[in-house]
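The values are calculated or read from the model by the stated rules, or taken from the named source; none is laboratory data. Predicted model only: the values in this text are computed from it and were never measured. Neighbour counts run over all protein chains shown; Cβ positions are idealised from the backbone, glycine included.
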Amino acid sequence: MDIKKVHIVIPIVMAGIIGYLGTKIMDIKEVHILIPIVMAGIIGYLGQTDLNEAFSVLPSIPHISRPSSQPVRQVDLDETSLVISRQTDLNEAFSVLPRMSYPQPFVDKPQRTDVLLMSPWLAPIMWEGTFNRDILNAQYRQKKFVVGVATFAVKKYVRFIEGFLGSANKFFLSGHRVNFYLFTDHPEKVPSMKLAPEKSLFIIPVQNYSRWQDISMNRMDIISNRIRTHWHYEVDYLYSMDIDVQMFEHIGVEIIDTLVGTISSWQYTKPRDSNSYERRPESRAAIPSGEGDFYYAASFYGGSVSEVYKLTTACFKGVTEDRANGIEAKWHEESHLNKYLLYHKPTRLLSPEYYWDEELPRPQIIRVKRLSSVRKDLEEVRS
Ligand code: UD2
C-alpha cells in the first residue's frame, strides 16, 4: 500500500471506532463522532505531507534558516532554559576572549629548571617566568569574581596603611574587583586615598589588645567571624595580608585558588627539622619531628571563602585551646597555620617572591620581589 494512504486511512478508522464507542458507551450525540473524524482527516493529511514541504515557504524569507530535518530530542522546560542560558554564557564568553596567540608551550621545555614548580601533591608553585598572566586574566575575567583582602592596622601599625593601600591599589589584582577590609582601632587616622574604580575600601573598627601577639593571633578569630556574618555573601576569594608590607610588582590572578599558602622567604631551603615549626607536643600547633613540607608565612594566605573559614576557625580553636592550657605556640598563629596546612594541603603555593623579607640578600632564583616587608623598629612600633 502507498505509505501516504496509510497515513489517511489509519486515523480515519481509529476515529470511527472511537466515535462509535463514544456513542455506545457514553450516549453522546453525533457531533462527537464528527469531531474525531474531521481531526483524524487533518492529522492524516499532515501525516502524508513531508514536513520539509510544509515549511517550504521559509526559504523565501532570507534570514530564517530551514529547520533541521534531524529528530529533535524532547526536553522538559527546565532543561530548555538551561540549554539556552548555557548558550548565552558561551556566546558572551567567546565574545570577550582576546586572540589566543602566545609562545607555544612544549612538554619537553620546562619554563624553569632552577626551582620546584609543583609540590609532591601536585599544587603548582608560582614563580616568575612560569606562567602567562594574559592567559590567566582572560580566563579569570569570564568568572567575574570578587576578591576580599583582610588586613589589620592596630595601634602604631596605622602608619603602614598608606604604603600598603597605595601599592596594593597599583599592583594587587590590577583591573579586577577587590574589596579591601581594613580593621583598625583608629578609623580617623586612615588617610583618604583615591582607589581604582574596581577597588573598594571598607574600614572596620576593631578593639586593640595590650600584647602585639594577641593582635596578631586574634586576626584568625575576627576573620572567621566576619566570613560567617558578611564575607560569605560578599566575596568569592579571601586573602589575609600583613599591613607592614609594600608591593613592587604585579600580584595577579595567579594567586587565585581554593587554598593558598606562601612559602616563607626565611626558610625556603631549610631541611624540615630546622624550620621554625612548633614541636612541643603540648601545643595544638605541634608538628611531630620528621614531618613538614614548607614553612608558610602567616603574612599572606587565602583561598575560597569557605576554605579560609575552615582554616581560620581551626587555627583559632588551636590558639584558644593553647591559651586554656597555658601555652603559646612559638610563632603564634603562624605556627597554627603551618600545622593546618601540613594536614590540609594547599592547592596552590606562592613562592617567596610573594613575601620577600627586606633584610635578606636576594638570591638569583628570586627574579622579582613582588611584595616585601617594610623595615621597622620592632620594639618601638609594638610599644
Ligand atoms: C610574623 C608573621 C605575621 C604573624 C607574626 C606572629 C611573617 C612575614 N609575618 O610577623 O603574619 O604571624 O609573625 O608572630 O611571617 N599588627 C597590628 N598592630 C600591632 C601588631 C600587629 O596591627 O601592634 C598586625 C599587623 O597587620 C601586622 C600583623 O599584625 O602586619 C603581624 O604583626 P607583625 O608584622 O609585627 O609580625 P611579624 O613581623 O613578627
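Among the residues of region 225-253, those that are within 16 Å of the ligand (Cβ to nearest atom) and within 22 Å of the chain's Cα centre (by Cα) comprise Arg226, Leu238, Tyr239, Ser240, Met241, Asp242, Ile251.
Here Ser224 fulfils each of the conditions (1) over 29 Å from His332 (Cα atoms); (2) in a helix (DSSP H, G or I) apart from (1).
Any chance region 256-275 includes a residue that's part of a helix (DSSP H, G or I) and within 21 Å of Tyr355 (Cα to Cα)? Scanning region 256-275 turns up at least one residue that is part of a helix (DSSP H, G or I) and within 21 Å of Tyr355 (Cα to Cα).
One residue alone among Lys345, Lys369, Lys339, Lys317 is within 29 Å of the chain's Cα centre (by Cα), without any contact (Cβ under 8 Å) to a residue 40 or more places away in the chain and surrounded by 15 or more Cβ atoms within 10 Å (Cβ to Cβ), and that residue is Lys317.
When each of Ser274, Ser210 is tested for being under 29 Å from Arg375 (Cβ atoms), away from the ligand (no atom under 16 Å from the Cβ) and without any contact (Cβ under 8 Å) to a residue 12 or more places away in the chain, the lone residue that passes is Ser274.
Between Arg112, Arg66, which is at pLDDT 90 or above, surrounded by 10 or more Cβ atoms within 10 Å (Cβ to Cβ) and not in a helix (DSSP H, G or I)? So that I can check it myself, show each step before the final result.
Values: Arg66 fails: at pLDDT 90 or above.
Residue meeting the stated conditions: Arg112.
Taking region 302-383 and the helices (runs of 4 or more DSSP H) fully enclosed by it, the elements with 2 or more residues that are in contact with a Gly (Cβ under 8 Å, 6 or more places away or on another chain) are at 305-324, 333-343. Out of all the residues in region 139-194, which are away from the ligand (no atom under 16 Å from the Cβ) and assigned to a strand (DSSP E or B)? Passing the criteria: Val147, Val178, Asn179.
Does at least one position in region 234-248 carry a residue that is farther than 30 Å from Glu128 by Cβ and among the aromatic types (Phe, Trp, Tyr)? Can you show your working first?
So the first thing to find is which residues in region 234-248 are farther than 30 Å from Glu128 by Cβ, and the list is 234.
Applying the additional criterion that residues be among the aromatic types (Phe, Trp, Tyr) yields none.
No: zero hits.
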